[in-house]
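Let me begin by presenting the structure, written as structure tokens, before commenting on it.
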Amino acid sequence: MNQSFDMKKVDEIIDSYGASQSSVIAVLQEIQEHYRYLPKEVFSRIAKRLGVSEARVYSVATFYENFSLEPKGKFIIKVCDGTACHVRKSIPILERLRSELKLTDKKKTTDDLGFTVETVSCLGACGLAPVITVNDKVYPAMTPDKVTELLEQLKEQK
Amino acid sequence: MIKTRQELQNLRDKYIKAGAAQKSKILICAGTGCVSGGSLEIFDKLSEIMEKRGVPCSLELVHEDEGDISLCCDGKEHIGLKKSGCHGFCEMGPLVRIEPQGWLYVKVGLDDCEEIIDETIIAGRHIARLAYKQGDGSVCKKQDDIPFYKKQTRMILQDCGHIDATSINEYFAIGGYSAFEKALFDMTQDEIINEVTEANLRGRGGGGFPAGRKWGQVKRQKEKKRYVVCNGDEGDPGAFMDRSIMEGDPHRMLEGMMIAALASGSDEGYIYVRAEYPLAVSRLRTAIAQAEKVGLLGDNILGTDFSFNLHISRGAGAFVCGEGSALTASIEGKRGMPRVKPPRTVENGLFDKPTVLNNVETYANVPLIIEKGASWYKSIGTEGSPGTKAFALTGNIVNTGLIEVPMGTTLREVIFDIGGGMRGGRKFKGVQIGGPSGGCLTEKDLDLPLDFDSLKKAGAMIGSGGLVVMDDSSCMVEVARFFMSFTQNESCGKCVPCREGTKRMLAILERITEGEGREGDIELLEELADTISATALCGLGKTAAFPVVSTIKNFRDEYEAHVCDKRCPAGACQKLKQIVIDAALCKGCSKCMRSCPVGAISGKVKEPFVIDSEKCIKCGACLTTCPFHAITES
């Protein structure tokens, strides 16, 4: 365990939601928004403060798709593979992203923590299919070539 | 803060008057779709230009300064500039609507802003260039002239796109919260429940269970603590109706929830929204804060003994949480796993208390029913399914977007009249309705009326209302595989039939689409489907196999072509593709041979090359390297 981990932020978040059992998900979400993942150090603190077992906190964190126990990249790219995007050819877009960033379906984040590429089931922007989001900003009507262009722009911002 | 009915009415009158002072309005769509197209920048630009030109304009209905409310521009006529909710015609975004003329400008860019102000706002002229044009080139001036809108009946979406979604004042200005006022002061709990029951409002989340009956059951419980929960976990891929309501007209939904709470005797509610909808979460937060500030949420509302507090609970990415008992477990901070029923949610729901659980669209219908009455409501739609239904129309169709039609409208009207038919003139093949729990309908079902009971009979379901239209380039086996992979991934793992069954079905579908299908696979899929449907615990499991069953039923020949002939009739399955070199076009440059990673291409320089289909892995590397476009997929 990393003794020097700063629990101040964690406590702040717990205080803002109230230390009750039903706050587990909200607290984890906010911690993830702050650190971009769930550092393992936070689990025992959350369990103790909310009065639940550490196993329960861990079970919640691993059940829901949105939680990540591994650090994510600065740019989180979500490729929508909902039905509408799928029938308008979202897979070639995903494949292009992965090949450009040398990622696979197992390896989702680049080694320099620059990019994370994931798929989501539906972003609800089906009218603009196929779509991707970069840190929650929606990019409509994508193609593999547009994705390559976008990556170039993002790399410059990095 | 308002404390009496009279104060509420005064407030509403004030905003109605303020609304009338806005001679014209410019409504810029600020739904997810148009925002991604840059609509917020357009909003800023329009505001900037009007200021430069000295056009009297206001971004709000009234000025509020530490509790003092005054009319904008000293009550003189002026232009209202607003960010509205989704108009539904996302394909054509960013959209700008001009009132009172009802004109709609489509695909508006930053460069068009000056012209809109100078021509339309100052000179009052229509800009034909920015209007929607039909296939024959004719211009649709008004929004209502566009075929996409003409055939629709917008009831629950009537204000989506016509008011500022971030302002409770605007909701007041169109008579907002008058249904709640009527329910609170003029009706008893039983009268509210009877009205909703009489209207036969059926749950729009897919099941179609009568909402009034649910409310009555909760009201009759002995336990006094009750909850009202809104299911905004619209997880069906290809559906975004609820998102548009939450983003575009959040107060209508809140009003519906408040009436449900009043009727069922609840004082606390939760809205469960999926995390993939950040804009909906922020709009709802704003709406709740506004309602609290005015005094429509909180304790002793409008001086009565009715209290109601609302919370938002954000989902964390689990489709199964759309199931009632999984959703309540998730709000409680647990893993979202369904439990055995009974006891049902109405008896033992959130925090083990009686709970009214309806979805977003269902609640949005409630104010209309209370205000206009059950008999009016029943005059729309069909006998068994009154009212309208919102659908998300997507896929290989010309006009994608959000639509609302009376129940009982046929698929043909939806796809060909509103949707404008297939893209690129391709042939209609099928439509997937109801997402991963639904079924696939084909040509022969086009005249089927869309309502709860007809669809059930046809082996599909309305689900939450996603309509994904597919043309002849879509392979139905691949589509079934796609849904199965979704369901398998989202299976919570609690019960064996779903956890293991979906895995096995997916494995079979994968090998079929990869050309490894075996004799008997189709029958095995059918057997597994039967078993899973009969033995799974929750709705997700019970319906998991529906897309497979309905595609086998309608497209058995396509399955057989994959299994027996190792051929994909739609040409969509990668592994079953044949890549060939056209000898007539090949110049024998050998570029393709050098690009092939497995050495499947051979030939002599300056003579046509050939691909050995046994060795070829269909990676497509050669396709992009050929300078003469001599290599094609078939």
query = Taking the stretch B:315-348, which residues are in contact (Cβ under 8 Å) with a residue 60 or more places away in the chain, part of a helix (DSSP H, G or I) and under 23 Å from B:Glu223 (Cα atoms)?
reply = B:Gly324, B:Ser325, B:Ala326, B:Leu327, B:Thr328, B:Ile331
ask   = What number goes with the only condition from (1) away from chain B (no Cβ under 11 Å); (2) under 16 Å from the mean Cα position of the chain (by Cα) that A:Glu100 does not pass?
value = (2)
message = Please go through the stretch B:6-52 and give me each residue that is over 33 Å from the mean Cα position of the chain (by Cα), farther than 22 Å from B:Leu71 by Cβ and surrounded by fewer than 16 Cβ atoms within 10 Å (Cβ to Cβ), ordered by number.
response = B:Glu48, B:Lys52
key: Evaluation of B:Asn489 against (1) among the polar types (S, T, N, Q); (2) over 28 Å from the mean Cα position of the chain (by Cα); (3) at pLDDT below 95 (one fails), failing number   = (2)
inquiry  = It is to be established whether one or more residues within the stretch B:512-524 are touching a helix residue (DSSP H, G or I) at 6+ places or on another chain (Cβ under 7 Å), closer than 28 Å to A:Gly124 by Cβ and more than 14 Å from every other protein chain (Cβ to nearest Cβ).
reply    = no
request  = Return the pairs, sorted by first residue and then second, in which the second residue is buried (at least 21 other Cβ atoms within 10 Å of the Cβ), the first residue lies in the stretch B:76-87 and is under 13 Å from B:Val62 (Cβ atoms), the beta carbons are less than 9 Å apart, and the residues are 6+ apart or on different chains.
outcome  = B:His78/B:Gln22; B:His78/B:Cys57; B:Gly80/B:Gln22; B:Gly80/B:Ile26; B:Gly80/B:Leu27; B:Gly80/B:Cys57; B:Gly80/B:Leu61; B:Gly80/B:Asp164
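Output the residues belonging to the stretch B:208-244 that are within 14 Å of chain A (Cβ to nearest Cβ) and not in a helix (DSSP H, G or I). Outline the logic, then answer.
Within the stretch B:208-244, the first condition is being within 14 Å of chain A (Cβ to nearest Cβ), and the residues that meet it are B:227, B:229, B:232-244.
Residues satisfying the conditions are B:Tyr227, B:Val229, B:Gly232, B:Asp233, B:Glu234, B:Gly235, B:Asp236, B:Pro237, B:Gly238, B:Ala239, B:Phe240.
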Those residues of the stretch B:150-207 which are modelled with pLDDT under 95, outside any loop (DSSP other than H, G, I, E, B) and not hydrophobic (A, V, I, L, M, F, W, C), in sequence order = B:Lys150, B:Asp164, B:Asn169, B:Glu170
query = Scanning for something touching a Cys at 6+ places or on another chain (Cβ under 9 Å) and within 20 Å of B:Phe240 (Cα to Cα), does the stretch B:437-459 turn up at least one residue?
reply = no
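Name the residue, out of A:Lys137, A:Lys108, that is within 18 Å of B:Gly33 (Cα to Cα) and without any contact (Cβ under 8 Å) to a residue 40 or more places away in the chain. Please lay out each step first, then the result.
Working: A:Lys108 fails: within 18 Å of B:Gly33 (Cα to Cα).
Within the list A:Lys137, A:Lys108, the selection yields A:Lys137.
Out of B:Pro338, B:Pro354, I need the residue that is away from chain A (no Cβ under 14 Å) and farther than 30 Å from B:Pro147 by Cα. Which one?
Details: B:Pro338 fails: away from chain A (no Cβ under 14 Å).
Only one candidate qualifies: B:Pro354.
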task = Could you tell me which residue of the stretch A:31-60 is surrounded by the fewest Cβ atoms within 10 Å (Cβ to Cβ), considering only residues that are of a type outside the set (Asp, Glu) and within 20 Å of B:Val273 (Cβ to Cβ)?
result = A:Gln32
ask   = With respect to B:Glu247, is the statement that it is within 14 Å of chain A (Cβ to nearest Cβ), of a type outside the set (A, V, I, L, M, F, W, C), surrounded by 23 or more Cβ atoms within 10 Å (Cβ to Cβ) and assigned to a loop (DSSP other than H, G, I, E, B) true?
value = no
request  = Please work out if B:Val468 is modelled with pLDDT of 95 or more and surrounded by 21 or more Cβ atoms within 10 Å (Cβ to Cβ).
outcome  = no
note = Counted residues in the stretch B:554-575 being over 9 Å from B:Thr513 (Cα atoms), in contact (Cβ under 8 Å) with a residue 60 or more places away in the chain and assigned to a loop (DSSP other than H, G, I, E, B) come to 4
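Have a look at B:Gly620, B:Gly603 and point out the one that is of a type outside the set (Lys, Arg) and over 21 Å from B:Arg567 (Cβ atoms).
Details: B:Gly620 fails: over 21 Å from B:Arg567 (Cβ atoms).
B:Gly603 is the lone residue from the list that is of a type outside the set (Lys, Arg) and over 21 Å from B:Arg567 (Cβ atoms).
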key: Subset of the stretch B:438-473 (residues that are within 14 Å of chain A (Cβ to nearest Cβ) and basic (Lys, Arg))   = none
inquiry  = Quick test for you: out of A:Ala129, A:Ala84, A:Ala61, A:Ala47, pick the one residue that is in contact with a helix residue (DSSP H, G or I) (Cβ under 7 Å, 6 or more places away or on another chain), hydrophobic (A, V, I, L, M, F, W, C) and more than 11 Å from chain B (Cβ to nearest Cβ).
reply    = A:Ala47
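Only one of these is under 17 Å from B:Tyr277 (Cβ atoms) and either in contact with a His (Cβ under 8 Å, 6 or more places away or on another chain) or within 14 Å of another protein chain (Cβ to nearest Cβ) (or both): A:Lys146, A:Lys137, A:Lys89. Name it. Lay out the reasoning, then the answer.
Numbers: A:Lys146 fails: under 17 Å from B:Tyr277 (Cβ atoms); A:Lys89 fails: under 17 Å from B:Tyr277 (Cβ atoms).
Only one candidate qualifies: A:Lys137.
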message = Among the numbered criteria (1) surrounded by fewer than 24 Cβ atoms within 10 Å (Cβ to Cβ); (2) touching a Phe, Trp or Tyr at 6+ places or on another chain (Cβ under 6 Å), which one does B:Ile369 miss?
response = (1)
note = With the first residue restricted to the stretch B:491-506 and required to be closer than 15 Å to B:Ala318 by Cβ, and the second required to be surrounded by fewer than 15 Cβ atoms within 10 Å (Cβ to Cβ) and at pLDDT 95 or above, Cβ contacts under 9 Å at 6 or more apart or on different chains are B:Ser491/B:Lys503; B:Cys498/B:Thr535
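Can you name the residue in the stretch B:73-91 that is assigned to a helix (DSSP H, G or I) and touching a Cys at 6+ places or on another chain (Cβ under 9 Å) and, of all such residues, is modelled with the highest pLDDT? If you could, list the steps in order and put the result at the bottom.
Filtering the stretch B:73-91 for residues assigned to a helix (DSSP H, G or I) gives B:73-75, B:90-91.
Next, only the ones that are touching a Cys at 6+ places or on another chain (Cβ under 9 Å) stay: B:73, B:90.
Numbers: B:Cys73: 75, B:Cys90: 86.
Among those that are assigned to a helix (DSSP H, G or I) and touching a Cys at 6+ places or on another chain (Cβ under 9 Å), it is B:Cys90.
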Candidates B:Gly102, B:Gly80, filtered to the one that is closer than 21 Å to B:Val405 by Cα and small (Gly, Ala, Ser) = B:Gly102
inquiry  = Can you say whether A:Leu28 is surrounded by 20 or more Cβ atoms within 10 Å (Cβ to Cβ), assigned to a helix (DSSP H, G or I) and not assigned by TED's automatic domain parsing to the domain that holds A:Asn135, as far as the supplied structure shows?
reply    = yes
note = Per the filter on the stretch B:534-553, residues part of a helix (DSSP H, G or I) and over 26 Å from the mean Cα position of the chain (by Cα) are B:Ala534, B:Thr535, B:Ile552, B:Lys553
remark   = Scanning the stretch B:9-47 for residues that are part of a strand (DSSP E or B) and of a type in the set (Lys, Arg), the one farthest from the other protein chains (Cβ to nearest Cβ) turns out to be B:Lys23
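Would you mind stating whether B:Gly315 is within 9 Å of chain A (Cβ to nearest Cβ), within 15 Å of B:Asn231 (Cβ to Cβ) and surrounded by 23 or more Cβ atoms within 10 Å (Cβ to Cβ)?
Numbers: within 9 Å of chain A (Cβ to nearest Cβ): yes; within 15 Å of B:Asn231 (Cβ to Cβ): yes; surrounded by 23 or more Cβ atoms within 10 Å (Cβ to Cβ): yes.
Here the answer is yes, as B:Gly315 does meet what is asked.
The values are calculated or read from the model by the stated rules, or taken from the named source; none is laboratory data. Treat the numbers as computed from the prediction; the structure is a model and nothing was measured. Here the Cβ is made from the backbone with ideal geometry for all residues, glycine too, and neighbour counts use every protein chain on show.
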